[in-house]
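All of the numbers you see were taken from the coordinates with simple rules; none came from a lab. The structure displayed is predicted, hence computed values, not measured ones. We place every Cβ from the backbone using ideal geometry, glycine too, and count neighbours over all the protein chains shown.
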């Protein structure tokens, strides 16, 4: 039976030797956009969460929020994979 490629496999596969993988190119584009975002958002933001109240740069607040979202996503996907494999 032939193996179907998933989206991740297609991004990591490199059909032509000597050319960078598509995932590396997309990662570079995302990194460049992140740098532009940080440079353009240097203002301050007042952050209120539960009993904590502080001022911080807008870019720092958003990057910390994205990092927290990535951590939550990874933890959820690990839990999801373990729950699916334990059912089999």
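Potential lengthening of the chain between residue 66 and residue 51 amounts to 3.2 nm, from the contour at 0.36 nm per residue minus the alpha-carbon distance. With all pairs of separate Cα atoms included, region 17-88 yields a Kirkwood hydrodynamic radius of 15.5 Å.
The orientation-averaged projection of the convex hull spanning the C-alpha atoms of region 36-75 amounts to 3.4 square nanometres. Here the residues 37, 49, 54, ranked from fewest to most Cβ neighbours within 10 Å of their Cβ, fall in the order 49, 54, 37.
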